[in-house]
1. Quick one: buried accessible area between B and A, total over both chains, 1.4 angstrom probe, nearest 100 Å²?
2. Would you mind working out the accessible area per residue for region B:1-131, using a 1.4 Å probe, and quoting it in Å²?
3. Put a label point 7 Å from Cα along the Cβ direction on residue A:224, then list its distances to the equivalent points in the other copies in nm, shortest first.
4. Taking only protein heavy atoms and a 1.4 Å probe, what accessible area per residue, in Å², does region A:183-223 have with all protein chains in place?
5. Would you tell me the mean number of C-beta atoms belonging to other protein chains that fall within 10 Å of each C-beta in B:115-128, as a whole number?
6. Counting only residues 5 or more places away or on other chains, whose amide H sits under 5 Å from the amide H of residue B:209 once H atoms are built in the peptide plane?
7. Does region B:1-131 come out rounded, prolate or oblate, given a ≥ b ≥ c as the square roots of the eigenvalues of its C-alpha gyration tensor, rounded meaning a/c under 1.5 and, failing that, prolate meaning a/b above b/c?
8. Do any of B:30/B:235; B:29/B:194; A:104/B:28; A:30/A:266 go past 32 Å between their Cα atoms, and which?
Protein chains: 2
Amino acid sequence: MGSSTDNLKGFVLALLSSGFVGASFIIKKKGLRRAAAASGVRAGVGGYSYLLEPLWWTGMITMIVGEVANFVAYAFAPAVLVTPLGALSIIVSAVLAHFILQEKLHALGILGCVMCIAGSVVIVIHAPQERAITSVQEIWNMATQTAFLLYVASVIVIVFVLVFHFAPLYGNSNVLIFTGICSLMGSLSVMSVKALGTSLKLTFEGTNQLIYPQTWYFMLVVVTCVITQMNYLNKALDTFNTAIVSPIYYVMFTTLTIVASVIMFKDWDGQGLGSIISEICGFVVVLSGTILLHVTKDFDRNASRSLYAPLSPTLTTRLCSGNGEMLKHVVEDAAYPEDACLRRQGLY
Amino acid sequence: MGSSTDNLKGFVLALLSSGFVGASFIIKKKGLRRAAAASGVRAGVGGYSYLLEPLWWTGMITMIVGEVANFVAYAFAPAVLVTPLGALSIIVSAVLAHFILQEKLHALGILGCVMCIAGSVVIVIHAPQERAITSVQEIWNMATQTAFLLYVASVIVIVFVLVFHFAPLYGNSNVLIFTGICSLMGSLSVMSVKALGTSLKLTFEGTNQLIYPQTWYFMLVVVTCVITQMNYLNKALDTFNTAIVSPIYYVMFTTLTIVASVIMFKDWDGQGLGSIISEICGFVVVLSGTILLHVTKDFDRNASRSLYAPLSPTLTTRLCSGNGEMLKHVVEDAAYPEDACLRRQGLY
């Protein structure tokens, strides 16, 4: 089993996936703009003219191709490698937006891109080798080891508490509730996606795994987790500004996925301490780059329209003060109604 | 020869050095403020009352201790390890300024600190082992190998061209001229400091190196290079804003020092490609963090006094357009005369 070539395949697929997903945002947004210009009715105010716009569908297809590549990448390389590389899609979309949509990238945004790349390189260099897996039962044994069952149990308990206690009370004022639910479910999604992807890979390679009930069980888990995750991600995007939701979601989701993968697949067993620390640093750098890119995304336009003030307080204050965010959201929406509508719909 | 404990000693000394140097800026600035408050005459307008202020002298001594620790660190660990850790002094001074001088750190500045730390950790993990050197002649042989002589020759030629052709024409309008001269000379300073430091270390360990002419020759080179470097650094600080000079100088100086060290001490020989790439990435991350910290240093105050506009253009444009910088400098100085005077004098 060429474990090292598998890692390479996973790496290339993750890169392709980031390229497609990043490009899809731009294509979709261009499609929405063109549709709005043609019909005079914006998506945000009830128009569905974008459904007739081929460019929007091209964007959708690009996104699906990207997500499939991502899914397949998980079958080849460890989640510790594939998940952080998702940050590169943000770079792709920022760079394309700069050139195609004329949304000028702030100098600090470029610095954010450089950091994401440097951090990703460190992660790739120190990524553990994917273990050779020969059947779905092996994955099943990993998924049912005590440590991972404890992780799953705690995730389920926390999600229940968030959904039934905190969401009704603070869901609309604190951005961490909905994004927390998606991130927790997301970590289980990725683990089950990886299990399913590996089973399908083995099936395609000739050893049919569909005869085992575990494969179907994993499929059920994938569907449940992905639907829950998407449902709460939409709620989060619907309630808060994308520029706030995206980095928080990315940070929590990626961190939890890595934790889950380290517990379930024992990615870090047999790795030197230096490698593990380097990987964590690389990850911290990618996260910082992503945050920088997101925070500076609206700098110029805010500065020029004297809306800079709400960005000044420390990040922590801003992220935790749901009400302040709502206010900022309202202020921003008042200033850019067209963007706000698209943003609310989660259309870009 | 415990090469690994030597690396550790160098690492600890570099950390101490950053702590002392970082703290010295804050102590000196506090001393200057107290002196100005006591006498009513500011240093920038000709007052020398700070020379009577014990706090200012404490700051000076702290700085000298820090620089000595840095000098000794070079005797124990490779320049590839010691030089980038200098960035930590910026973190120390930013954090202390936040708490002691109440100069609030911007949220992105905190992100810059996190990056500098993450990048430094990656560098430390992948730093090459210092080779055991037994006499100054060994260093002399390294300094006279063809590759390094070529490096020295090109540095000298470029410095001459910059000093005699470009400095008179563009020295006052383009920030890259003076900082370029300091950085080029700086890389030679560090190499000669390392040679001298190692000779002195060997002398203290019992094998007297002062009997060799090479030791004295290295001492001469140290003095020449450091004086030239300091002279042009003062010119740069005198002509341009510290917030512009510092990051450019740090980036160029550190990069050239690493290049010089890799050529002269062959730091990267025998290191795996992965280690070298990780080191470079760690270095890029530290540079990015430093730039971020410097660029965001004046964000809040600029935003609140509506001077934010000059910071908006891309970094490259700002760094390369000397005239624009001069203008910004003038505008800033008009707004904060007291800071500008101190800044001009290079007192902080």
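The values are calculated or read from the model by the stated rules, or taken from the named source; none is laboratory data. Worth saying up front: this structure is predicted, and the values here are computed from it rather than measured. We place every Cβ from the backbone using ideal geometry, glycine too, and count neighbours over all the protein chains shown. In case anyone asks, the SASA skips ligands and DNA or RNA and just uses the protein heavy atoms, side chains included. Shrake-Rupley method; radii C 1.70, N 1.55, O 1.52, S 1.80 Å.
1. 2300
2. Accessible area per residue: 43 Å².
3. 7.7
4. Heavy-atom SASA per residue in region A:183-223 reads 42 Å².
5. What the average comes to for B:115-128 is 5.
6. HN-HN under 5 Å from residue B:209: B:203.
7. oblate
8. In this structure, A:104/B:28; A:30/A:266 exceed 32 Å between Cα atoms.
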